[in-house]
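Novice: Dropping a structure here in structure tokens format, bear with me for questions.
The values are calculated or read from the model by the stated rules, or taken from the named source; none is laboratory data. Every value quoted in this text rests on a predicted model; they were computed, and no experiment measured them. Backbone-built Cβ (ideal geometry, glycine too); neighbour counts: all protein chains shown.
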Amino acid sequence: MLTDAHLLHAALPSAVVALDFDGALAAISPHPTTHVRSFGAVPGIVIYGLQGVERWENGQLRAPAPPPGMLKLRRSLPGLLASIAHDDAIGIEDKQRSLVIHTRLTAEPDRLLEVLRVPVAEAAAAAGLEARLGKEVLETCIPGIGKATAIRELIGEDTMAVFYAGDDIGDLPAVQEVNAWSDRNGHPSSWSR
């Protein structure tokens, strides 16, 4: 009996293997300072960052300019977080095109994300961005671009199989895109969590 893994192996020359990094391939770091950009110089490997906004391929970065409202959000977000959460362990990672609020080092990361979710989403919307939940993070992102759009870019006409691995709710749109592609084409797909 052929399993999805056997079908994927047979289709590897024309397969897309997409992997979330932080939490799926590597342990989630309490201090996210390590990036995988150097892999983008390896032929055949494409690295997407910032929920699909940045793309590294063959050593080249493709990314839009930071949103116009980012400067205002960058200035106002620390005060907003301090006024709502009252926890010095909350961190903000500035990725130029997004700001990521980390609650990983707090005593109650999930509770703090819930407290911050609506006010941060409102501030992000006012800056022309949207807020997305992840594992112990709330990320402000450019709207309309995400892991699902990255998957759509990677899948070509000659793609015969797709595998995706992720570890949190931020990966669900990519999983849904992989499943929809498989349903439309009848080609094997698989995902892991």
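Novice: Do any strands (runs of 3 or more DSSP E) lying entirely in the range 110-193 carry at least 3 residues that are touching a Cys at 6+ places or on another chain (Cβ under 9 Å), and which ones are they?
Specialist: Here the list reads 130-134.
Novice: Hey, among the residues in the range 18-44 that are under 12 Å from the mean Cα position of the chain (by Cα) and either among the aliphatic types (A, V, I, L, M) or modelled with pLDDT of 90 or more (or both), which one's farthest from G134 (Cα to Cα)?
Specialist: A18
Novice: List pairs: first residue in the range 151-171 and without any contact (Cβ under 8 Å) to a residue 12 or more places away in the chain and not assigned by TED's automatic domain parsing to the domain that holds G134, second residue surrounded by fewer than 17 Cβ atoms within 10 Å (Cβ to Cβ) and aromatic (F, W, Y) anywhere in the structure, Cβ distance under 9 angstrom, at least six positions apart or on different chains.
Specialist: none
Novice: To continue, here is another question. Mind listing just one residue for me: the one in the range 41-67 that is of a type in the set (A, V, I, L, M, F, W, C) and assigned to a loop (DSSP other than H, G, I, E, B) and, of those, nearest to V17 (Cα to Cα)? Steps first, please.
Specialist: So in the range 41-67, the residues of a type in the set (A, V, I, L, M, F, W, C) come out as 41-42, 45-47, 50, 53, 56, 61, 63, 65.
Add one more test, that the residue is assigned to a loop (DSSP other than H, G, I, E, B), and what stays is 42, 45, 53, 63, 65.
On the way: V42: 15, I45: 10, V53: 19, A63: 22, A65: 28 Å.
Filtering first and then ranking leaves I45.
Novice: Here's a check for you: in the range 126-153, which residue that is buried (at least 16 other Cβ atoms within 10 Å of the Cβ) and more than 14 Å from the chain's Cα centre (by Cα) is farthest from N179 (Cα to Cα)?
Specialist: Among them, the one singled out is A127.
Novice: Taking the condition assigned by TED's automatic domain parsing to the domain that holds A85 and within 19 Å of L50 (Cβ to Cβ), does A127 pass?
Specialist: Numbers: assigned by TED's automatic domain parsing to the domain that holds A85: yes; within 19 Å of L50 (Cβ to Cβ): yes.
Considered against the rule, which asks whether it is assigned by TED's automatic domain parsing to the domain that holds A85 and within 19 Å of L50 (Cβ to Cβ), A127 comes out as yes.
Novice: All but one of (1) modelled with pLDDT of 95 or more; (2) loosely packed, with under 13 Cβ neighbours inside 10 Å; (3) under 20 Å from D171 (Cβ atoms) hold for P109; which doesn't?
Specialist: Only one criterion is unmet by P109, namely (2).
Novice: Moving on. Checking the structure you have, find out if any residue of the range 45-58 is surrounded by 11 or more Cβ atoms within 10 Å (Cβ to Cβ), among the aromatic types (F, W, Y) and modelled with pLDDT of 85 or more.
Specialist: Yes, that holds for at least one residue.
Novice: A further question on this structure: Cβ contacts < 7 Å: first residue among the polar types (S, T, N, Q), restricted to the range 42-71; second residue outside any strand (DSSP E or B), any location; separation 6+ or different chain. Result?
Specialist: From the range 42-71, the pairs are Q51/I145; Q51/G146; Q51/K147; N58/A41; N58/P43.
Novice: Out of curiosity, is R104 among the basic types (K, R), part of a loop (DSSP other than H, G, I, E, B) and either surrounded by fewer than 21 Cβ atoms within 10 Å (Cβ to Cβ) or more than 18 Å from the chain's Cα centre (by Cα) (or both)?
Specialist: The answer is yes for R104.
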